[in-house]
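Shown next, in structure tokens, is the structure this report addresses.
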Amino acid sequence: MALTLSKKAMAVKPSSTLTITAKANEMKANGIDVVGFGAGEPDFNTPDNICEAAIKALKNGFTKYTPVPGTLELRKAICEKFKQFNNLSYEPDQIVVSNGGKHSLTNIFEAILNPGDEVIIPSPYWLSYPEIVRLADGVPVYVRAEKSGNYKISAEQVANACTDKTKALILNSPNNPTGMVYTKEELEAIAKVVVDKDIYVIADEMYEHLIYGGEAHVSIASLNDEIFKRTITCSGVSKSYSMTGWRIGYTGSTKEIAKLMSSVQSHQTSNPNSIAQKAAYEALVGPQDFVYAMRDKFETRLNYMVDRVKDMEYISVVKPHGAFYLFVDISKTLDKSYKGQKVGNVDNLVKILIENYQVAVISCDDFGFDDHIRLSYAISLDEIEKGLDRIDAFLKELA
């Protein structure tokens, strides 16, 4: 009798962002000049002071197990960061440090979901959300955020999506892939629904430092005591400090949930990397100049890209206020023809761009929108200009 592998694992979709990035890297390795708009990480080096902290940790032999939820030193620093930046009051035993943001989310859903529990996911969404929910035996429930509403869902939509099986809402602000940021007023309305329905909100705030136009970040958990008790706040050092490969994410929650998350993590990975914890501590307590300088450079790139895209035929964009992505509506291209063949769908458009124009963009079919692409501006201005020139050339070939 043939052995059957896990149906749950076989149902997991491969990450389309990693697939297109791998193809672009392969082409580059073969000497092809490819412009990659797929980057989900800053194109800046990790600051020197953070790297030096890691080197010091190595030299001092800080290479053993640490407490499962992270060192007390780091958890205290995270509490202080939550207090100063997010206006949230957590104690160290409410903090769980994990091996990156995805791991934090995995711990959350393993801790709060039972088989069949529903999780409301606003669409467009980061493509890993539904997969992580399903792996924890949850059921994704998608709520579409329309372009006319700046790709943000309303409190009314959340209320209408709730059933007796609803356990949680995922709220990602600033958002990947749209770059949109929820205002305090929008968060207050959603918070009221969450409290009324007595569900959890998973506030993914990984891009919290990357907000433009002078706007301030607002954490939904900071609005009042009732929403605070129902919120699991997620962040990390990956995006804000250009530390994607260091794999440090963290959460703030009730003590009960934190204890469950720590128990789950203890059997899956034990503690997060000891050296990376020392680096993360330095990131949080050290100079913050790098964060603001990087944000300013991203904003310059954003403004340039928006101005360019607005002048292009067949595509459009709503200017985002955070993260480092442009969510581009390409719906008008799908009925057009390229060299006698109908474009047809977003995946074919992506294929045409990389094979004929050497530009790698991300299809947002797996993000819940099959007529949009995502362009990252975590690449140099020179590369952005060259890539947009190529996209413009493609658009001018359409008939």
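None of the figures in this text is laboratory data; all of them are computed from the coordinates on show. Everything quoted here is computed from the prediction, not taken from an experiment. Virtual Cβ from ideal backbone geometry, glycine too; neighbours counted across all protein chains shown.
Going from the residue with the fewest nearby Cβ atoms within 10 Å to the one with the most, 90, 292 rank 292, 90. A Cβ-based charge dipole, computed about the Cα centre of the chain with Lys and Arg at +1 and Asp and Glu at -1, lands at about 800 debye.
What does the charge count near residue 386 come to, summing +1 for each Lys or Arg and -1 for each Asp or Glu among other residues with Cβ under 12 Å from its Cβ? If you can, show how the numbers build up before the last one.
Details: positive: 308, 390; negative: 33, 382, 383, 385, 389, 392.
Residues near residue 386 contribute -4 overall.
Seen against the Cα atoms of the chain and their longest principal axis, helix 101-112 is set at about 60 degrees. Helix 289-310 axis versus longest C-alpha principal axis of the chain: approximately 30°, rounded to the nearest ten.
With 26 Å as the limit, write out which pairs from 167/192; 197/319; 184/239 have Cα-Cα distances beyond it, or answer none. Show your work: numbers first, answer last.
Details: 167/192 16 Å; 197/319 32 Å; 184/239 23 Å.
Exceeds cut-off: 197/319.
The equivalent ellipsoid of the chain has semi-axes of 34, 25, 22 Å, largest first, where each one is the square root of 5 times an eigenvalue of the Cα gyration tensor. Taking amide H as placed 1.01 Å from N in the peptide plane, residue 362 has its amide H under 5 Å from the amide H of 374, each at least 5 places away in sequence or on another chain. Listed by Cβ neighbour count within 10 Å, with the fewest neighbours leading, 247, 144 appear as 144, 247.
For the pair residue 3 and residue 385, what calculated FRET efficiency results from E = 1/(1 + (r/R0)^6), where r is the Cβ-Cβ distance and R0 = 41 Å, to the nearest 0.05?
0.15
Less than 5 angstrom separates the built amide H of residue 173 from those of 204, all sequence-distant by 5 or more or on a different chain.
Report Rg(Cα)/(2.2 N^0.38 Å) for segment 312-399, keeping two decimals.
Details: Rg = 12.4 Å, N = 88, 2.2 N^0.38 = 12.1 Å.
Taking the Cα Rg and dividing by 2.2 N^0.38 Å, one obtains 1.03.
What is the sum of charges around residue 250, taking Lys and Arg as +1, Asp and Glu as -1, for the other residues whose C-beta is under 10 Å from the C-beta of residue 250? Neighbour charge sum, excluding residue 250 itself: +2. Rounded to the nearest 20 debye, the dipole magnitude of segment 62-285 is 580 debye, with +1 charges on Lys and Arg beta carbons, -1 on Asp and Glu beta carbons, and the Cα centre as origin.
Can you put 193, 359 in order of Cβ neighbours within 10 angstrom, beginning with the fewest? Display every interim value, and only then the final one.
Values: 193 20, 359 25.
The fewest-first ordering by Cβ neighbours comes to 193, 359.
Please give every one of the aspartates and glutamates within straight-line cross-link reach of residue 396, meaning a C-alpha to C-alpha distance under 16 Å, and leave out same-chain neighbours fewer than 8 residues apart. Within reach: 311, 313, 335. Under a 5 Å amide H cut-off, with hydrogens placed 1.01 Å from N, residue 321 pairs with 180, 181 among residues at least 5 apart or on other chains. Report the net charge of residues surrounding residue 7, where surrounding means a beta-carbon distance below 13 angstrom and charges are Lys +1, Arg +1, Asp -1, Glu -1. Summing Lys/Arg as +1 and Asp/Glu as -1 gives +1.
Taking the 0 to 90 degree range and rounding to the nearest ten, how far is the long axis of helix 48-59 tilted relative to the main principal axis of the chain, both from C-alpha atoms? Roughly 50 degrees between the two axes. Shape descriptor for segment 62-285: Rg over Rh equals 0.94 (Cα atoms; Rh from the Kirkwood inverse mean 1/r).
Give the Rg/Rh ratio for segment 179-253, taking Rg as the radius of gyration of the Cα atoms and Rh as the Kirkwood radius, to two decimals.
Values: Rg = 13.2 Å, Rh = 13.2 Å.
With Rh from the inverse mean 1/r over Cα pairs, Rg/Rh is 1.00.
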